[in-house]
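Beneath this line is the structure, given in structure tokens, with notes to follow.
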Amino acid sequence: MKTFLILCCVLTVSTVPVHQLEANPVQQSYRMEGEGKYGQAMDLMKALADREPRNYLAHLRTGWLAYLASNLGLSLAYYQKAVVLAGDAVEPRLGLMLPQLAMGLYPQVEATGMAVLRLDPKNYLARSRMAWARYLHGRYEEAADLYRGIIRDYPSDGEMHIGLAWALIKQGKLAEARSIVLMADTILPGNARVAALKTACGG
């Protein structure tokens, strides 16, 4: 009889849906994010952030999940709130750059990136995102300067070589671009984007 009752309890517990076992909304949001349910996870974190206006993590994750869900306005708003809650932190500012970039707010990307660099002068993500924003904004020479600086710190970073090569091509500096493309080809052999750069440089 005891064995039967134990088995019944085990079966009962095992059939409870996972979301009912998770009392913690943060834990639920991670599970939903892992399942690609970005909107649902965002709603969960937004509700928590709205209930707890001083909860930094809830605001940060709302910003991130809204970005994944392509709700860029909401992402921007909650990342901005996270910046206020953690005024000396790099993390929320790096997050804020994501919706700013996606929305084409290039001057704001620059300002946020500079705020990060005041806290962490060689921050890779801030510099690379600022370089990309400058490129998209048509500021190719300034983008190239940033790409060069990153490459000095990360000489084997193929992505930064690709970025620098395109910035040089846009300026008409094809000879310099070819040397960068050769290096990119060494780092990323067979890469389709490097092949496209070769074509853009004239072979």
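Each reported figure results from applying straightforward, stated rules to the coordinates on display, with no laboratory input. Predicted, not measured: the structure shown is a model, and the values here were computed from it. All Cβ positions, even for glycine, are placed from backbone atoms using ideal geometry, and neighbour counts span all protein chains on display.
Let me confirm something: among A126, A66, A111, A115, which residue is crowded, with 19+ Cβ neighbours inside 10 Å and more than 26 Å from G39 (Cα to Cα)?
A126
Could you grab me the full set of residues in the stretch 37-63 that are in a loop (DSSP other than H, G, I, E, B), surrounded by fewer than 17 Cβ atoms within 10 Å (Cβ to Cβ) and in contact with a Leu (Cβ under 9 Å, 6 or more places away or on another chain)?
Listed by number, the residues that qualify are P53, R54.
Can you pull out the residues in the stretch 151-176 that are of a type in the set (A, V, I, L, M), over 25 Å from K122 (Cβ atoms) and under 28 Å from the mean Cα position of the chain (by Cα)?
Once the filter is applied, which keeps residues that are of a type in the set (A, V, I, L, M), over 25 Å from K122 (Cβ atoms) and under 28 Å from the mean Cα position of the chain (by Cα), the stretch 151-176 yields only I169.
Going through I187, I151, I162, I180 one at a time, which residue ends up being within 29 Å of L96 (Cα to Cα) and in contact with a His (Cβ under 8 Å, 6 or more places away or on another chain)?
I151
Given the criterion farther than 30 Å from Y56 by Cβ, loosely packed, with under 15 Cβ neighbours inside 10 Å and free of Cβ contacts under 8 Å to residues at least 40 places away in the same chain, identify the matching residue among A144, A192, A165.
Selected residue: A192, the only one of A144, A192, A165 that is farther than 30 Å from Y56 by Cβ, loosely packed, with under 15 Cβ neighbours inside 10 Å and free of Cβ contacts under 8 Å to residues at least 40 places away in the same chain.
Hey, can you tell me all the residues within the stretch 116-127 that are part of a helix (DSSP H, G or I) and in contact with a Leu (Cβ under 8 Å, 6 or more places away or on another chain)?
V116, L125, A126, R127
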